[in-house]
Amino acid sequence: MKKSAQIQSYSLTTSAPRKKEESLVWQRIKRNKELYFLIIPVIVYYIIFHYKPMYGVIIAFQDFSPRKGVVGSDWVGLENFRMFFNGVYFGRLIRNTLRISLSTLLFGFPAPIILALLINELRNVRFSRFVQTVTYMPHFVSMVVICAMIREFVSSSGFITEILVALFGYEGKDLLSKANAFVPIYVISNIWQGVGWGSIVYLAALTAIDPQLYEAAEVDGANRRLQKMYYITLPCLLPTIVIMFIMRTGQIMSVGYEKIILLYNEGIYQTADVISSYVYRMGLVNRQYSFSAAVGLFNSAINFTLVILTNKLSKKVTETSLW
Amino acid sequence: MSKQVTSNKIKHSMGDRIFDFINVFLLVLLVVACFYPFYYVICASFSKASLFMSHSGILLKPIGLSTAAYKKVFENSSIWTGYINTIYYVVGGTAINIAMTVIGAYFLSRKNIPGKGIITVFIMFTMYFSGGMIPAFLNIQSLGLYDTRAALLLPGAINTFNLIIMRTAMASVDDSMEESARLDGANHITILVKIMLPLTKATVAVLVLYYGVSHWNSWFPAMIYLEDRAKEPLQLFLRQVLIMNDMSDMNIGEDQELISETIKYATIIVSTVPILCLYPFLQKYFTKGMMIGAIKG
């Protein structure tokens, strides 16, 4: 008896403030009611253009026909996934995606760091601005134009091909018709497009370095610029490098389709075709909606998992994370 | 450079000078590598087609100055249709983007709003997971937006990354501003329009540029969602001429083989010059936006 009374009194004392709290919440909602009206179009937008397609991904488990719609189409379970995993192209697509992605990471990741370090060592402010302006430029040129330029330059009469012919006696053939030239072309042009823009993050981090550190280093005998670069600048940049690297590894299985489908051709699918370009071709060219939705879902599930994992890792290593 | 180094008050050692020399040398090389492809395109576009085709290797200046390729490009009506459509998509699309992003960011930057946490998660989740290309395409079809201009304007109405940039800017505005306005009886719409927008206009400007450039450069949605060529943006026309090598829109005539190469280069210049001319003036805003994003990230 005593105990139940105690419980009752306990619950009484807690329910009173909760009620008060609830009314406070209600008050806050009422006070901000225009705010909730304002957000409606934004929520509607996300529902229609993001969550509805997420629901639409269930066609990956169906034999979807546009006539019957998402609701009426027949269910086939994991058949589409099985078809993809057992298909002839599965290994090739995974290999190509990883090869392009890892090569871009290996060569493309250090490039902006090196550029930022070099720009940081410039004494002439105007020259430094000039370097930045010119190197950022390719980032703003449209992908179609960039790819058109690449295609022209490496075609059989393009100047890059001609230079290679003159230097190495390479037979003057269109480089994009050679399967083993695709990855180098992709990676090098990627660096050209992104090195300047990518360096901004590091330059921002460099401006935050305390100049006293350099003075202290001089006192300690680090007089040469390379020494200061190695012992002061680089360690100060390390946290930024680590987080950028971790974020980048989260995207290891996603190679964008835009550049691929503007550059590749049937003759070099064996090295150039990646998961996303395959999804595009199967789905929107060949109209195999369910199959390519399954391939796409497989890819986004991997990407999602990788982002979660790398974010966890980032939290552990650098105490910074995306959320 | 040497003048600059010697004029510096601190005396630099020999090692320092060698370091500077190598550094400047490397960066000059990089600048040349970044800029030369564009310069080559300019030279090629002004070259005489027959001479250009028989030339091999790099170009330092146009060979046999000719504007024939530009004449063919300007004669072509498709490129102007593309231009007008692109301007429509850039202006209309960016207006929708900014309105939606500002509203969303204002909501997400307010404090003590019940339900904000859930809505934040609801929005942020879309950054990490999406239905993918095919469900998005079928969604546009089922909404009846296929082959409409709205298909290029609405699906990307908010870029969530830009939304976060805007939210960060609005959250950093002093709370007392909002409080005093509320005491004076202002509602949220008044606060947003009269207080927040003027105080965050630099960030709004950055986002106008980000969205504007992305509409200008966008081609893929137009390729998959549009059939009617009258609605086609410039980038899609460029894809047809430059990537698919389809010159049927160009009134080339007999010397087709010869001039088609220089026409391509002239087309690149005509379509890219507006961005490249504006770019040096806008560069600092772009960089600024990148910094805001970087600090947040």
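The values are calculated or read from the model by the stated rules, or taken from the named source; none is laboratory data. Treat the numbers as computed from the prediction; the structure is a model and nothing was measured. Positions of Cβ are generated from backbone atoms using ideal geometry, with glycine treated the same way; all protein chains shown enter the neighbour counts.
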Count of residues meeting criterion [under 14 Å from residue B:161 (Cβ atoms) and at the interface with another protein chain (Cβ under 7 Å from one of its Cβ atoms)] in region B:102-123: 2
Is there a residue in region B:39-46 that is within 7 Å of chain A (Cβ to nearest Cβ), assigned to a helix (DSSP H, G or I) and of a type in the set (Phe, Trp, Tyr)? yes
Could you check region B:129-153 and list, in sequence order, the residues that are modelled with pLDDT under 95 and either over 26 Å from residue A:71 (Cα atoms) or not in a helix (DSSP H, G or I) (or both)? B:129, B:130, B:131, B:132
Per the filter on region A:244-257, residues crowded, with 21+ Cβ neighbours inside 10 Å and in a helix (DSSP H, G or I) are A:246
Taking only region A:158-169 into account, find how many residues are within 13 Å of chain B (Cβ to nearest Cβ) and modelled with pLDDT under 85. 0
What tally of residues in region B:50-69 results from selecting those that are surrounded by fewer than 17 Cβ atoms within 10 Å (Cβ to Cβ) and more than 11 Å from residue B:262 (Cβ to Cβ)? 7
Contact list, first residue from region A:235-258 and within 9 Å of chain B (Cβ to nearest Cβ), second anywhere and assigned to a loop (DSSP other than H, G, I, E, B), beta-carbon distance below 7 Å, six or more apart or interchain, is A:243/A:320
(1) surrounded by fewer than 14 Cβ atoms within 10 Å (Cβ to Cβ); (2) among the charged types (D, E, K, R); (3) in a helix (DSSP H, G or I) all hold for residue B:72 apart from (1)
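Using the structure shown, decide if residue A:134 is at the interface with chain B (Cβ under 7 Å from one of its Cβ atoms), at pLDDT 95 or above and under 30 Å from residue B:237 (Cβ atoms).
no
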Scan region A:281-301 and tell me whether some residue there is in contact (Cβ under 8 Å) with a residue 12 or more places away in the chain and more than 12 Å from every other protein chain (Cβ to nearest Cβ). no
What are the residue pairs meeting all of these: first residue in region B:112-128, first residue in contact (Cβ under 8 Å) with a residue 12 or more places away in the chain, second residue buried (at least 16 other Cβ atoms within 10 Å of the Cβ) and not in a helix (DSSP H, G or I), Cβ atoms under 7 Å, and 6 or more apart or on different chains? none
Among the numbered conditions (1) over 26 Å from residue A:88 (Cβ atoms); (2) more than 15 Å from the chain's Cα centre (by Cα), tell me where residue A:273 comes up short. (1)
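Residue check: is residue A:304 of a type outside the set (A, V, I, L, M) and in contact (Cβ under 8 Å) with a residue 12 or more places away in the chain? Walk me through how you get there before you give the answer.
On the way: of a type outside the set (A, V, I, L, M): yes; in contact (Cβ under 8 Å) with a residue 12 or more places away in the chain: no.
Considered against the rule, which asks whether it is of a type outside the set (A, V, I, L, M) and in contact (Cβ under 8 Å) with a residue 12 or more places away in the chain, residue A:304 comes out as no.
Matching residues to (1) in contact with a helix residue (DSSP H, G or I) (Cβ under 7 Å, 6 or more places away or on another chain); (2) surrounded by fewer than 16 Cβ atoms within 10 Å (Cβ to Cβ); (3) closer than 30 Å to residue A:288 by Cα:
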residue	(1), (2), (3)
B:103	yes, no, no
B:113	yes, no, no
B:121	no, yes, no
B:139	yes, no, yes
B:148	no, no, yes
B:155	yes, no, yes
B:164	yes, no, no
B:170	yes, no, no
B:178	yes, no, no
Odd one out for residue A:145 among (1) crowded, with 18+ Cβ neighbours inside 10 Å; (2) under 22 Å from the mean Cα position of the chain (by Cα); (3) without any contact (Cβ under 8 Å) to a residue 40 or more places away in the chain; (4) more than 7 Å from every other protein chain (Cβ to nearest Cβ): (4)
From A:114, A:119, grab the single residue that is under 20 Å from residue B:30 (Cβ atoms), more than 17 Å from the chain's Cα centre (by Cα) and surrounded by 16 or more Cβ atoms within 10 Å (Cβ to Cβ). A:119
Within the set of pairs 6+ apart or on separate chains, which have a first residue in region A:204-227 that is at the interface with chain B (Cβ under 9 Å from one of its Cβ atoms), a second that is assigned to a helix (DSSP H, G or I), and C-beta atoms under 7 Å apart? A:204/B:291; A:204/B:294; A:205/A:237; A:205/A:240; A:224/B:15; A:225/B:16; A:225/B:19; A:226/B:19
Return a yes/no flag: does region A:190-199 have any residue that is more than 22 Å from residue A:99 (Cα to Cα), within 11 Å of chain B (Cβ to nearest Cβ), hydrophobic (A, V, I, L, M, F, W, C) and crowded, with 16+ Cβ neighbours inside 10 Å. yes
Segments classed as helices (runs of 4 or more DSSP H), wholly inside region A:1-65, with at least 3 members that are farther than 30 Å from residue A:288 by Cα and modelled with pLDDT under 65: A:2-31
For region B:272-291, which positions are aliphatic (A, V, I, L, M) and at pLDDT below 75? B:290, B:291
Please enumerate the residues belonging to region B:124-164 that are aromatic (Phe, Trp, Tyr), within 7 Å of another protein chain (Cβ to nearest Cβ) and within 30 Å of residue B:288 (Cα to Cα). B:128, B:129
How many residues does region A:40-87 contain that are more than 19 Å from residue A:296 (Cβ to Cβ), exposed (fewer than 12 other Cβ atoms within 10 Å of the Cβ) and not acidic (Asp, Glu)? 5
Taking region A:259-275 and keeping residues without any contact (Cβ under 8 Å) to a residue 24 or more places away in the chain and at the interface with chain B (Cβ under 10 Å from one of its Cβ atoms) leaves A:261
